[in-house]
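The values are calculated or read from the model by the stated rules, or taken from the named source; none is laboratory data. None of the values given here were measured: they were computed from a predicted structure. Using ideal geometry, Cβ is built from the backbone for each residue, glycine included, and neighbour counts are taken over all protein chains shown. Surface areas here come from the heavy atoms of the whole protein model, side chains and all, with no ligands, DNA or RNA. Shrake-Rupley method; radii C 1.70, N 1.55, O 1.52, S 1.80 Å.
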Amino acid sequence: MTKTRARLTITIDGTAGSGKSTLGSLLAARLGYLFVDTGAFYRALTLAALRAQVSLDNGPALAALADTLDIHIAPPTAADGRQYTLWLGTEDVTWEIRSQAVDAGVSPVAAQPAARAALLPLQQRLARQKGVVMAGRDIGTVVCPEAEVKVFLTADLETRTRRRRQELTDRGSNASSTEIAENLAARDRLDSSRDTAPLAQPPDAIVLDTSQLSLEQEAAIVLSKVAAIRGELTVQ
């Protein structure tokens with residue numbers, strides 16, 4: 001009887017700016033997995049809606065638009081700090097979906113049940129591939145509740161604001177801390193109170209406060225869980 005290094009599905013949920021993408025991309029790199037930021041799909045839909053002047057609170061129109069889009073996520077294709085490459089058709093929109101306009105519009109879009117239903121099958125297909133780290137707000141509860149490892153991140157608003165401001169500054173944006181904090185707080189309210197797939201902590205998740213832990217500490221905790229699960233799996 002020998003041990004097998006099983007390929008798992010790891011989900012990371014949490015509030016906006018809590019460090020889901022940072023932790024997820026690090027874990028994926030360490031494990032040789034694909035990192036999937038499911039929020040990127042809602043951001044891509046938001047970007048497409050803004051371009052097409054589709055109302056961000058019109059669920060049926062957003063779902064119809066989603067059905068016309070070719071959204072694909074892949075490992076980084078450029079060494080410019082990206083954690084993945086997001087394609088909208090043949091266009092690389094990895095950085096454009098992180099704009100302030102998309103930041104402001106993504107939560108209303110993600111709150112639309114029809115829009116979520118249109119994008120859910122794509123997310124679930126990726127989860128079923130195994131060897132994937134998926135980050136979002138309903139991954140461990142809705143998209144992939146059967147995931148072997150679930151993580152839920154929290155952080156105080158001050159820490160999340162500082163991180164997001166640094167991210168925007170690095171990309172040449174000069175958004176104020178007040179604007180960023182207000183946007184994050186508004187997203188928290190929308191994400192937690194929406195009727196369909198609200199932000200929620202999976203009951204069996206590892207809960208990490210990223211304002212109290214270093215990235216390496218977070219990764220060590222999750223990788224320890226992965227190692228423990230792999231140690232339980234055997235093949236004849």
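Details
- Choice from Val106, Val132, Val93 showing the highest fluctuation, given a GNM over the chain with Cα pairs closer than 10 Å: Val93
- Each label was represented as a point 7 Å from its Cα along the Cα-to-Cβ direction; for Ala227 and Ala64 these points are 5.4 nm apart.
- Cα-based Kirkwood hydrodynamic radius, the stretch 1-132, one decimal, Å: 15.6
- Kirkwood-type radius of the stretch 165-236, with distances r between different C-alpha atoms, in Å: 16.0
- Tilt relative to the chain, helix 39-52 - C-alpha long axis, 0 to 90 degrees, to 10: 20
- Computed over neighbours whose Cβ is under 13 Å from that of Arg43, the net charge equals +1, Lys and Arg +1, Asp and Glu -1.
- Relative contact order for the stretch 1-64: 14 percent, from Cα pairs under 8 Å spaced at least 6 residues apart, divided by residue count.
- Carbon-plus-sulfur accessible fraction, the chain (probe radius 1.4 Å, protein heavy atoms only): 52%.
- Note: the chain, Cα convex hull, 125 Å³ per residue.
- Among Asp57, Asp80, Asp156: highest mean-square fluctuation, GNM of the chain, C-alpha pairs under 10 Å: Asp80
- Residue-normalised accessible area of the stretch 113-227, expressed per residue, 1.4 Å probe, Å²: 48
- Degrees separating the helix 215-232 axis from the principal Cα axis of the chain, which is the longest one: 50
- Helix-only arithmetic for the chain: the sum of -39500 (n - 2.57) across DSSP H runs with n ≥ 4, divided by the residue total, places the mean residue ellipticity at 222 nm at -15000 deg cm²/dmol.
- Derived from the Cα gyration tensor, the three semi-axes of the equivalent ellipsoid of the stretch 92-192 are 26, 16, 15 Å, largest first.
- In the stretch 100-141, the convex hull through the Cα atoms has an average projected area of 3.5 nm², a quarter of its surface area.
- Per-residue SASA entry for Lys130, accessible area with 1.4 Å probe, Å² rounded to 10: 70
- Using a probe of 1.4 Å, the accessible surface attributed to Leu45 totals some 0 Å² when neighbouring protein chains are kept in position.
- Residue-level accessible surface for Glu96, protein heavy atoms, 1.4 Å, Å²: 80
- When the alpha carbon gyration tensor of the stretch 56-115 is reduced to an equivalent ellipsoid, its three semi-axes come out at 24, 14, 8 angstrom, largest first.
- Of Gly172, Gly131, Gly17, the residue with the greatest mean-square motion in the GNM of the chain, using alpha carbon springs below 10 Å, is Gly172.
- Relative contact order for the chain, counting Cα pairs under 8 Å that sit 6 or more residues apart, in percent: 34
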